[in-house]
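See below for the structure under consideration.
The values are calculated or read from the model by the stated rules, or taken from the named source; none is laboratory data. Only a predicted model underlies this, so the values are computations on that prediction, with no experimental measurement involved. All Cβ positions, even for glycine, are placed from backbone atoms using ideal geometry, and neighbour counts span all protein chains on display. Please note that ligands, DNA and RNA were not included when accessible areas were found on the heavy atoms of the full protein model with its side chains. Shrake-Rupley method; radii C 1.70, N 1.55, O 1.52, S 1.80 Å.
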Amino acid sequence: MHVSEFLSLVRGRSSCRSYLDKDVSDEAIGLCLEAACLAPSACNKQPWRFIIVKDKATRLKVCEDCLLPAIPMPWLKTAPVLVVLCAEKNFLTHKAAPLFSGIPYHYIDCGIAGEHFVLAAEAQGLGSCWIGWLNTKRLRKLLSIPSNLDIVSMISLGHPAARGEQPQKKSIAEISRRIGD
Ligand SMILES: Cc1cc2nc3c(=O)[nH]c(=O)nc-3n(C[C@H](O)[C@H](O)[C@H](O)COP(=O)(O)O)c2cc1C
């Protein structure tokens, strides 16, 4: 693959906040999960766990009871799939090592795997949006998520009804600096 193809995939993605009333095939979701499985992770612990919610009644309960207030997301009810991204923490890598480095590796790992998932969705013409404004206590209860899993985020998934505009992104000069040349 030429880098220009990769960049056009990445450029084409933007958070999708409006979905068609159309099922997403298990095959398509499977390909997204396959991409997620291939992500790098600290000590190769692969802490990511994906809970796929397709059942309509459960999705509506998530939307009605498990989002935090003040930022309404009515569009989320249109998403035919909600993916809850969790982390299963390993004692050494995710609890002991961060005491020395100060770096929460499991969040990084799940972020990478989640974005692999999102880009594989994009490559299949699907839209997605990360959702972090969650009442994790209620979500845990509703989906019976065991206490050994940390809830990291959620991702909505579906066939886009409308594409959001690419929001303004910072320039390369703003986000990087060079040392040594
Ligand atoms: C960790 C994380 C949490 C987010 N939470 C929400 C959210 O709760 N609701 C929402 O509408 N968008 C959410 N977003 C999407 C961001 O608003 C969006 O990525 C950002 O505005 C940049 O837009 P773009 O994705 O179209 O490039 C989240 C994104 C990330 C990475």
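Bridgeable lysines around LYS95 (alpha carbons under 22 Å apart, same-chain partners fewer than 8 residues away excluded): LYS45, LYS137.
Enter the accessible area per residue of the chain (Å², integer; probe 1.4 Å; all protein chains in place).
Values: 10850 Å² over 181 residues.
Per residue, the chain has an accessible area of 60 Å².
If R0 equals 41 Å, the separation of the Cβ atoms of LYS95 and CYS37 corresponds to a calculated FRET efficiency of about 0.95.
Shown are TYR19, TYR105, whose ranking by accessible area with a 1.4 Å probe and every protein chain present, most to least, is TYR105, TYR19.
Across the options LEU60, LEU149, PRO98, the greatest Cα extent toward the positive end of the charge dipole of the range 38-163 (unit charges at beta carbon of Lys, Arg, Asp, Glu) belongs to LEU60. As a length-normalised measure over Cα pairs under 8 Å and 6 or more apart, the relative contact order of the chain settles at 37 percent.
Given a 1.4 Å probe and the protein chains as shown, CYS16 ends up with an accessible area of around 0 Å². Largest to smallest in accessible area, the residues ASP21, ASP55 fall in the order ASP21, ASP55 (1.4 Å probe, all protein chains included).
Of the residues ILE29, ILE155, ILE145, the one that moves most in a GNM of the chain with alpha-carbon contacts below 10 Å is ILE145.
Extension gain, ASP26 to ASN44: 0.36 nm times the residue separation minus the Cα-Cα distance gives 3.8 nm. Carbon-plus-sulfur accessible fraction, the range 39-102 (probe radius 1.4 Å, protein heavy atoms only): 61%. About its Cα centre, the chain has a charge dipole of approximately 560 debye under the convention of +1 per Lys or Arg Cβ and -1 per Asp or Glu Cβ, with nothing else charged. A simple spin-label model places the labels of PHE6 and ILE179 2.5 nm from each other, with each point 7 Å out along Cα-to-Cβ.
Could you work out the local net charge near VAL53, counting Lys and Arg as +1, Asp and Glu as -1, over the other residues with Cβ closer than 15 Å to its Cβ? Mind showing how you got there, number by number?
On the way: positive: ARG49, LYS54, LYS56, ARG59, LYS61, LYS77, ARG138, ARG140, LYS141; negative: ASP23, ASP26, ASP55, GLU64, ASP65.
That sum, taken over residues with Cβ under 15 Å, equals +4.
Inter-label distance, TYR107 to GLU88: 2.2 nm, where each label sits 7 Å from its Cα along the C-beta direction.
Close amide H partners of CYS16, meaning residues 5 or more places away or on another chain with modelled amide H under 5 Å apart, are SER128, CYS129.
Let me spell out the model: positive unit charges on the Cβ of Lys and Arg, negative unit charges on the Cβ of Asp and Glu, origin at the Cα centre of the range 21-108. What dipole size does that give, in debye rounded to 20?
Values: 10 positive and 9 negative charges, 62 e Å.
Computed about the Cα centre, the dipole is about 300 debye.
The alpha carbon centroids of the range 146-181 and the range 33-47 are separated by 18 Å.
Could you sort PHE91, PHE6 by their accessible area in this structure, using a 1.4 Å probe and putting the largest first? Don't jump to the answer; show the numbers that get you there.
Details: PHE91 140, PHE6 90 Å².
Of PHE91, PHE6, the descending order of accessible area is PHE91, PHE6.
Given a 10 angstrom Cα cut-off, can you work out which residue in ARG49, ARG13, ARG138 is the most mobile in a GNM of the chain? Checking each option, the largest mean-square fluctuation is seen for ARG138.
The value for the chain of Rg(Cα) / (2.2 N^0.38 Å) is 1.09. GNM on the chain, alpha-carbon springs under 10 angstrom: the most fluctuating residue among VAL81, VAL118, VAL24 is VAL24.
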